[in-house]
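The values are calculated or read from the model by the stated rules, or taken from the named source; none is laboratory data. None of these values were measured; they are calculated from a predicted model. When we count neighbours, we look across all protein chains shown, and the Cβ atoms used for this are built from the backbone with ideal geometry, even at glycine. Keep in mind that these areas ignore ligands, DNA and RNA; they rest on the heavy atoms of the full protein, side chains included. Shrake-Rupley method; radii C 1.70, N 1.55, O 1.52, S 1.80 Å.
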2 protein chains.
Amino acid sequence: MPNSILKQEIEQQPGVIQTLFDQESGNLRQIAGNLSGSFRYIVIAARGTSDNAARYAQYLFGAHNHLPVALATPSLFTLYQQPPRLAGALVIGISQSGHSPDIVAVLAEAKRQGCPTLAIVNNVTSPLAETADYVLPLHAYPEQAIAATKTYTASLGAIALFSCLLEDNPDHIRQLMEMPEKIQQTLDNLGPPLVHVERYRYMEQCTVIGRGYNYATAFEIALKIKELTRTLAEPYSSADFRHGPIAIIHKGFPVILIAPRGAVSENMVELVGDLKHLGSEVLMISNEEQLLRRSQVAFALPPDIPEWLTPLVAVIPGQLFALQLTIEKGMNPDRPEGLTKVTDTM
Amino acid sequence: MPNSILKQEIEQQPGVIQTLFDQESGNLRQIAGNLSGSFRYIVIAARGTSDNAARYAQYLFGAHNHLPVALATPSLFTLYQQPPRLAGALVIGISQSGHSPDIVAVLAEAKRQGCPTLAIVNNVTSPLAETADYVLPLHAYPEQAIAATKTYTASLGAIALFSCLLEDNPDHIRQLMEMPEKIQQTLDNLGPPLVHVERYRYMEQCTVIGRGYNYATAFEIALKIKELTRTLAEPYSSADFRHGPIAIIHKGFPVILIAPRGAVSENMVELVGDLKHLGSEVLMISNEEQLLRRSQVAFALPPDIPEWLTPLVAVIPGQLFALQLTIEKGMNPDRPEGLTKVTDTM
């Protein structure tokens, strides 16, 4: 299935991000100006792929905007009806469909408490968009494949743009604006390693590890593998992994490592050594030559991307890996069994 | 190995919690009094089993104390050296050993910023205890088995006691004080279902699902299974599970469901129906008759425990399941391969 909708949507990512930047920079500069100084920390409500984008926001808002980020516990707002007091928080909902009742409930309660609210959505006529004070549209519409790809990278782009405009940092904005081109470069260079995905035709489980900014990437790649190929894939930070789960590693156990150049590199070099010692098979997503050389399958990222922006490219090999594995297994990448595009949870 | 250290430590849990309550209620009442009104939200730094206890705190402090809880991102404090501004937060570190440098770094930075800090530790002469303004000892010392059990339930007990004393709610305190007896009852009633653990001798993977207060339980049981039996076990909230990962379920796929009576029950009844429809094999931890009846293996919890306290008993069948599976597989429960008791991460 060389022309699956999923493949087309993966390839649309540079264009979607470019459109988002072109269409929303002005709007978002105004939102950031209005919001500036009105909150001391951020609460984010999201599920699935959007929750993975929220993990990126935890690190980026923390590092660049010095804002603590809490991921909301929606059941406190719905099942338990005992919402926390959110005074001092900006409350952000992220959702492709803008439809899940539990995410809408968090923003509605935040508004009732007088907190500022922002919806990052693909569907701008959704309940979530209608509930929020401010709306940031993703411009990825329509996303037809069940597994989200372009709405994920668009959510990362939206979060990064908001962070840059909040801190009003021209260097960061300039670096961000180069990302559509870097995503295109990433897509263009992945042909050769993808040939080896057939090696994993009978893989039954794997682990995906990232840290810091790319903790989010580990979660999103693991989710794509599970959704598309029904293979158990568990995500970890390299630190959490060492506190127990490393026990599962045995000879031949496949580990996908996300390790672009940056503050986490040293940590990752050490982990690769330990994994190799345990006999693990390592698949590497990186732009560090010494890491790529030490892996069974190497997905090279473009050089010279600031670490804080690497999640926008590092997920791409994972999306394509999951897609290719679906094809090798003779499954339908556009309609994974057991899933629907919009999931409503309370 | 009928008398493993792990089994002894699991059986010590009622006594440990009782000692914690006896020894620390006065101290903690004073700490709660000193801290009251000095913060608007809580940040918790923890790894591994302690991080699972932190997930319980997210729900309990949210529901009973109306306090939002953020789980810290330690790498912002260590690898990236770009800590968020924590004004308005109480910062809590939870650690058995009190030793992991990344957790100590979060509390040290919080102190530098003038935030109040609390260490919940088993080892009171540790760097974490020395860094914090206030120390809450777990009284579970020594824990010799590598897989943590009694320090986990003691951490839950410590969090629950702190929550009760912060809100100064005599009903909740009275309910909490009954828990050592309820834990003993749980331990006493688990013999019959444990006979069937041998059924899972060749299980290669499973999923563990809980929601709300027992989201933490799902994480902790999955971690015990991974640490002790080297079997891949992935934890989920029932809501997150529906947003993608449910795709992995196929005929015979084992799912451990944690579903004590409470606000999540209806949600769980619905999920069991869907899992059965997909052909899943369901292991149930509950005190709801209708849920226990619909499962392959049923771990019954004592009736009449308020939902917010069920995590202190619901983890016990999971600990014993993991222990028994270790024995069925001929592995050493006290010394799982590839793990050490104290893990230092940066």
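Which condition from (1) within 24 Å of A:ASP344 (Cα to Cα); (2) at pLDDT below 95; (3) touching a helix residue (DSSP H, G or I) at 6+ places or on another chain (Cβ under 7 Å) is the one that A:LEU190 breaks?
Every listed condition holds for A:LEU190 apart from (1).
Quick check on my filter: what residues within the stretch A:43-73 are within 7 Å of another protein chain (Cβ to nearest Cβ) and among the aromatic types (Phe, Trp, Tyr)?
The answer is A:TYR59, and nothing else.
Which of the residues that make up the stretch A:292-309 are in a helix (DSSP H, G or I) and under 22 Å from A:MET179 (Cβ atoms)? Don't jump to the end; show me each part of the working.
Going residue by residue through the stretch A:292-309, those that are in a helix (DSSP H, G or I) are A:292-293, A:307-309.
Residues satisfying the conditions are A:LEU292, A:GLU307, A:TRP308, A:LEU309.
For every residue, the table says whether it meets (1) buried (at least 23 other Cβ atoms within 10 Å of the Cβ); (2) in contact with a Ser or Thr (Cβ under 6 Å, 6 or more places away or on another chain); (3) of a type in the set (Gly, Ala, Ser); (4) within 26 Å of A:HIS66 (Cβ to Cβ).
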residue: A:THR151; (1), (2), (3), (4): yes, no, no, no
residue: A:ALA154; (1), (2), (3), (4): yes, no, yes, yes
residue: A:ALA160; (1), (2), (3), (4): yes, no, yes, yes
residue: A:ASP168; (1), (2), (3), (4): no, no, no, yes
residue: A:PRO180; (1), (2), (3), (4): no, no, no, no
residue: A:ASP188; (1), (2), (3), (4): no, no, no, no
residue: A:PRO192; (1), (2), (3), (4): no, no, no, no
residue: A:ARG211; (1), (2), (3), (4): yes, yes, no, yes
residue: A:TYR236; (1), (2), (3), (4): no, no, no, no
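Just to be sure I understand, how many residues within the stretch B:310-346 are part of a helix (DSSP H, G or I) and open to solvent by 10 Å² or more (accessible area, probe 1.4 Å)? Break it down into steps so the answer makes sense when it comes.
First pass over the stretch B:310-346, keeping only residues part of a helix (DSSP H, G or I): B:311-328.
After this cut, where a residue has to be open to solvent by 10 Å² or more (accessible area, probe 1.4 Å) as well, the list is B:320, B:324, B:327-328.
Looking only at that region, the number is 4.
Any idea which of B:ILE316, B:ILE327 is within 20 Å of the chain's Cα centre (by Cα), of a type in the set (A, V, I, L, M) and away from every other protein chain (no Cβ under 14 Å)? Quick ask: steps written out before the conclusion?
Details: B:ILE327 fails: within 20 Å of the chain's Cα centre (by Cα).
Of B:ILE316, B:ILE327, the one residue that is within 20 Å of the chain's Cα centre (by Cα), of a type in the set (A, V, I, L, M) and away from every other protein chain (no Cβ under 14 Å) is B:ILE316.
Out of (1) free of Cβ contacts under 8 Å to residues at least 40 places away in the same chain; (2) touching a Leu at 6+ places or on another chain (Cβ under 8 Å); (3) of a type outside the set (Lys, Arg); (4) open to solvent by less than 10 Å² (accessible area, probe 1.4 Å), the odd one out for B:THR131 is which?
(4)
Check whether at least one residue in the stretch A:156-166 is of a type in the set (Ser, Thr, Tyr) and within 18 Å of A:GLY98 (Cβ to Cβ), and report yes or no.
no
Could you list, in sequence order, all residues of the stretch A:238-264 that are touching a residue at least 24 places away in the same chain (Cβ under 8 Å), open to solvent by less than 10 Å² (accessible area, probe 1.4 Å) and out of contact with any strand residue (DSSP E or B) (no Cβ under 9 Å at 6 or more places or on another chain)?
A:ALA239 - this is the single residue of the stretch A:238-264 that is touching a residue at least 24 places away in the same chain (Cβ under 8 Å), open to solvent by less than 10 Å² (accessible area, probe 1.4 Å) and out of contact with any strand residue (DSSP E or B) (no Cβ under 9 Å at 6 or more places or on another chain).
Filter the stretch B:217-231 down to residues that are facing chain A (nearest Cβ under 8 Å) and either without any contact (Cβ under 8 Å) to a residue 12 or more places away in the chain or charged (D, E, K, R) (or both), then give me how many there are.
3
Exactly one condition in (1) surrounded by fewer than 20 Cβ atoms within 10 Å (Cβ to Cβ); (2) in contact (Cβ under 8 Å) with a residue 60 or more places away in the chain; (3) in contact with a Phe, Trp or Tyr (Cβ under 7 Å, 6 or more places away or on another chain) is false for A:THR19; which is it?
If we test A:THR19 against (1) surrounded by fewer than 20 Cβ atoms within 10 Å (Cβ to Cβ); (2) in contact (Cβ under 8 Å) with a residue 60 or more places away in the chain; (3) in contact with a Phe, Trp or Tyr (Cβ under 7 Å, 6 or more places away or on another chain), just (3) comes out false.
Within the stretch A:74-121, count every residue that is part of a helix (DSSP H, G or I), within 9 Å of chain B (Cβ to nearest Cβ) and open to solvent by 30 Å² or more (accessible area, probe 1.4 Å).
Selection size over the stretch A:74-121: 0.
Conditions tested, residue by residue: (1) out of contact with any Leu (no Cβ under 6 Å at 6 or more places or on another chain); (2) under 28 Å from A:GLN81 (Cα atoms); (3) within 14 Å of chain A (Cβ to nearest Cβ).
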{"position": "B:GLY244", "(1), (2), (3)": "no, yes, yes"}
{"position": "B:GLU266", "(1), (2), (3)": "yes, yes, yes"}
{"position": "B:LEU283", "(1), (2), (3)": "yes, no, no"}
{"position": "B:ASN287", "(1), (2), (3)": "no, yes, no"}
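Among the listed residues B:ALA45, B:ALA63, identify the single one that is outside any loop (DSSP other than H, G, I, E, B) and touching a strand residue (DSSP E or B) at 6+ places or on another chain (Cβ under 9 Å).
Numbers: B:ALA63 fails: touching a strand residue (DSSP E or B) at 6+ places or on another chain (Cβ under 9 Å).
Going through B:ALA45, B:ALA63 in turn, the sole match is B:ALA45.
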